[in-house]
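The values are calculated or read from the model by the stated rules, or taken from the named source; none is laboratory data. This is a predicted model, so every value here is computed, not measured. Every residue, glycine as well, gets a Cβ built from its backbone with ideal geometry; the counts of neighbours run over all protein chains shown.
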Amino acid sequence: MKPMLDRLFHLQSQKTTVPRELLAGLTTFLTMSYILVLQPDVLSKDFSGKATGLDAQAVLLATCLASAAASLAMGLFARLPIGLAPGMGENFFFVTVASALAAAKFPSPWQTAMGVVLISGVLFLALTVLGVRDALLKMMSQSLRSSVAVGIGVFIAFIGLQKGGLVGDAPTLVSLNAKNLLTADSAVFWIGMAVTLLAVVRRIPGGILLGIACAAIAAAALGKLQFHGVVGLPHIKDPAAFRFDLRGALSLTCLPFIVVFLFMAVFDALGTLVGVVQQAGLMQDGKIPRLREAMLVDAGGTVLGAMLGTSTVTCYIESAAGVQAGGRTGLVAVVVGLLFLLALVFSPLIIAVGGYAPVTAPALVVVGAMMFGSVRHIDWPDETEVIPAFLVVLGIPFFFSIADGLALGFIAWPVLKLVRGKWREVSWLMYVMAGVLVLYFVFVRVRV
């Protein structure tokens, strides 16, 4: 077994061992496995708590299968120590799209949104195969790309505070929900938050998962969780697999959504690949080895995920934890994939924990805080970069819509560059994009 693994993953040349790679794979899985609890909860309910139509257990099944397949492919095909799963940020954008389509009276909102994700994944595959990925990357500046992560991070954290019962309605639109501070819900939230923050600051592998576990224990002790077993496969009442609506997704209304999903997928994948591979010391002459294969796996994961019934699948920056534990080869990703399959056996436990909002709320706040770190990449001295970035960061949480916040910044950026006389810094594709988004506001948003 050991010689075969060495031939397949080149363990000796990477100066690593099978036990070290297995431990690194377990570490990576623990750091990213919180998505198993969050994803069904995020996709099955909109931001007001109403059902989207997606069955939570169907989402869990799709998440486990898509994450497992993509991670195994990353390990065996691209041979990189990177795990994949539905991305945080993309999942919230999916809910934004589904809600907008429902408000626009689309007959099958979540199915159409899933079709949008599928199309974006196919386009990602095509761009990678044709080698025109770089043209897409040049469409947006570093500042604008960073503002997307920051804005979504603030939005996710805000929703986490809502789910934790700390934010309530008021004449000022939002305020501290002081009446909820001494309730059981608040106690569960603060226990989870304290453990999560301590674990993350101490860089304990699986810190977010540990916080969820402690909050779940507290909730169970307070009688807030109802378990229907611990071991078992998902019990799906309404299947999500292969129910995407391509016809609706190909409408003019969905065009901006497809483009934004595509942007997010490409930027997330490339940024994570650079960060993790660089940390692992695997860069070759300043380039990522087998980058094309890795991007194909990332895009293929999104296509498969949408077909099975989950949002954009992407490389996880949490893979850096496995690298820190000594992981260097694709065996790490293979272990992650196998563990995602094993997680299916604990579906009743995962669904029970994810169904009580205060348990998962601290994870959202902390993930949002981590995403906020991208603010350092904004070009602060340049007003033509700062103002559009600020509009994105401000617009996403204030409009309570990722799509509307992004659209505001994407329109402002080329306009300000044009006014400043820096129009050559903007790709003609971005001017087209801005025009399409103006039409989106005029003909779509005003009718919603």
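Listing for the model above:
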{"item": "Selection count where residues are part of a loop (DSSP other than H, G, I, E, B), touching a helix residue (DSSP H, G or I) at 6+ places or on another chain (Cβ under 7 Å) and surrounded by fewer than 19 Cβ atoms within 10 Å (Cβ to Cβ), scope region 232-249", "result": "8"}
{"item": "Qualifying residue in region 170-178 (condition: in contact (Cβ under 8 Å) with a residue 12 or more places away in the chain, touching a strand residue (DSSP E or B) at 6+ places or on another chain (Cβ under 7 Å), surrounded by fewer than 22 Cβ atoms within 10 Å (Cβ to Cβ) and closer than 29 Å to L394 by Cβ)", "result": "yes"}
{"item": "Condition check for S33: in contact with a Gly (Cβ under 8 Å, 6 or more places away or on another chain), within 20 Å of L364 (Cα to Cα) and either of a type in the set (F, W, Y) or surrounded by fewer than 24 Cβ atoms within 10 Å (Cβ to Cβ) (or both)", "result": "yes"}
{"item": "Test: residue in region 100-109 that is under 27 Å from L252 (Cα atoms), over 14 Å from the mean Cα position of the chain (by Cα), modelled with pLDDT of 95 or more and not in a loop (DSSP other than H, G, I, E, B)", "result": "yes"}
{"item": "Single residue of G75, G25, G87, G83 found to be over 19 Å from S401 (Cα atoms), small (G, A, S) and in contact with an Asp or Glu (Cβ under 8 Å, 6 or more places away or on another chain)", "result": "G83"}
{"item": "Any chance T314 is part of a loop (DSSP other than H, G, I, E, B), surrounded by 24 or more Cβ atoms within 10 Å (Cβ to Cβ) and under 17 Å from the mean Cα position of the chain (by Cα)", "result": "no"}
{"item": "Only listed residue being part of a loop (DSSP other than H, G, I, E, B) and aliphatic (A, V, I, L, M), chosen from L225, L210", "result": "L225"}
{"item": "Qualifying position, being within 18 Å of the chain's Cα centre (by Cα) and part of a helix (DSSP H, G or I), among P414, P397", "result": "P397"}
{"item": "Considering residues of region 60-115 that are among the β-branched types (V, I, T) and out of contact with any Ser or Thr (no Cβ under 7 Å at 6 or more places or on another chain) only, the residue nearest to T314 (Cα to Cα)", "result": "V97"}
{"item": "Check on G151, touching a helix residue (DSSP H, G or I) at 6+ places or on another chain (Cβ under 6 Å), outside any helix (DSSP H, G or I) and touching a residue at least 60 places away in the same chain (Cβ under 8 Å)", "result": "no"}
{"item": "Set P358, P414: member being crowded, with 23+ Cβ neighbours inside 10 Å, at pLDDT 90 or above, touching a Lys or Arg at 6+ places or on another chain (Cβ under 8 Å) and not β-branched (V, I, T)", "result": "P358"}
{"item": "Segments classed as helices (runs of 4 or more DSSP H), wholly inside region 1-86, with at least 1 members that are over 23 Å from the mean Cα position of the chain (by Cα)", "result": "2-9, 18-32"}
{"item": "Residue identified as closer than 21 Å to V260 by Cβ and crowded, with 21+ Cβ neighbours inside 10 Å among V366, V426, V442", "result": "V426"}
{"item": "Only one of I217, I258 that is assigned to a helix (DSSP H, G or I), surrounded by fewer than 22 Cβ atoms within 10 Å (Cβ to Cβ) and free of Cβ contacts under 8 Å to residues at least 40 places away in the same chain", "result": "I217"}
